[in-house]
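The values are calculated or read from the model by the stated rules, or taken from the named source; none is laboratory data. Owing to the predicted nature of the structure, the values given are computational and were not obtained by experimental measurement. No Cβ is skipped: glycine too gets one built from the backbone with ideal geometry, and neighbour counts run over all protein chains shown. Calculation scope for accessible area: heavy atoms of the full protein, side chains included, ligands and nucleic acids excluded. Shrake-Rupley method; radii C 1.70, N 1.55, O 1.52, S 1.80 Å.
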Amino acid sequence: MRFDLLLLPRQICAWALIGLMTIIIASLLVIVNVFPRSGYLTFRIGRVWNMVAAWFMGVRFSLNGAEKIVKGESYVITPNHQGFAEILALFVAFPVPFKWVIKKELRKIPFFGRGLMATGAICLDRSNRESSVKSLQEGMKNLARGWSVLIYPEGTRTPDGRLQAFKKGAFMTAVQTGIPILPVTCNGAYKILPKKTVLFRPGHVTLTIGDPIPTAGLSEHDVPNLMERTWQAINADLNPDFDPFR
């Protein structure tokens, strides 16, 4: 990433304001989560956090393919993982409510972790496969109609903007529940805020929704083919040379 000294004051101010906002919003989420049936409200509060964070950072979004989503349908959403900026885009621009599947380490972040769990995020211990599978199954079992679950099939952020190999978790979950896969391609987020840095540049992130991939009637034997089909669907709309600053 090109370092721009002129952006440094904005970067410092943005992260300071995001930190302050996280303390306030996370506290509110924990309080609201005490009440029953607070899922939609906590999701909307979380969306506000992401909208404000995006505004501080100067990140803009566009969404393509929203017409492919069937209202009231649940999906296993599988986006490519480019970085923090695309998380903002998914929360703000995506047209269906969803629960995140997150790694357990995120729970340890002060305030942020508590707030994230209050939104109903499904926490996985990647060092314990059996525990992770159980958490995922329980989270999917409690998925209300019209809610979806978002799982990054790469498992971690891309180091170079290109699509990495997929892990099986999202696809095992999809075939076990019969919930269709919804491939989503993000472009631009990697260059706005690359991995292993907090230095961002204002820019534009695009999300492209692919055709839903049915999983009803499939078994574990179909998982490798399902993974390949989803990888190809996401990669078809991926442009590593996309310029988010134009």
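Things worth noting here:
- Put simply, of LEU182, LEU226, LEU238, LEU163 the only residue that is surrounded by 13 or more Cβ atoms within 10 Å (Cβ to Cβ), closer than 14 Å to VAL76 by Cβ, at pLDDT 95 or above and under 17 Å from the mean Cα position of the chain (by Cα) is LEU182.
- Just one of the listed residues (ASN235, ASN225, ASN187) is under 28 Å from PRO9 (Cα atoms) and out of contact with any Gly (no Cβ under 7 Å at 6 or more places or on another chain), namely ASN187.
- Taking the range 198-216 as the range and being in contact (Cβ under 8 Å) with a residue 40 or more places away in the chain, in contact with a Ser or Thr (Cβ under 9 Å, 6 or more places away or on another chain) and under 16 Å from ALA174 (Cα atoms) as the test, only THR215 passes.
- Condition check for LEU150: open to solvent by less than 60 Å² (accessible area, probe 1.4 Å), of a type in the set (A, V, I, L, M), closer than 13 Å to ILE77 by Cβ and in contact with a Lys or Arg (Cβ under 8 Å, 6 or more places away or on another chain): yes
- Meets criteria (touching a Phe, Trp or Tyr at 6+ places or on another chain (Cβ under 6 Å) and either among the hydroxyl-bearing types (Ser, Thr, Tyr) or free of Cβ contacts under 8 Å to residues at least 12 places away in the same chain (or both)) for SER219: no
- Selection over the range 213-223 of residues that are assigned to a loop (DSSP other than H, G, I, E, B) and surrounded by fewer than 18 Cβ atoms within 10 Å (Cβ to Cβ) gives a count of 5.
Conditions tested, residue by residue: (1) outside any loop (DSSP other than H, G, I, E, B); (2) open to solvent by 60 Å² or more (accessible area, probe 1.4 Å); (3) touching a Ser or Thr at 6+ places or on another chain (Cβ under 9 Å); (4) modelled with pLDDT of 90 or more.
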site	(1), (2), (3), (4)
SER27	yes, no, no, no
PHE43	yes, no, yes, no
VAL52	yes, no, no, yes
GLU67	yes, yes, no, yes
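- Every residue from the range 97-118 that is open to solvent by less than 20 Å² (accessible area, probe 1.4 Å) and either in a helix (DSSP H, G or I) or touching a Gly at 6+ places or on another chain (Cβ under 7 Å) (or both): GLY113, GLY115, ALA118
- Residue match in the range 189-210 (condition: in a helix (DSSP H, G or I), at pLDDT 95 or above, of a type outside the set (A, V, I, L, M) and over 21 Å from THR156 (Cα atoms)): no
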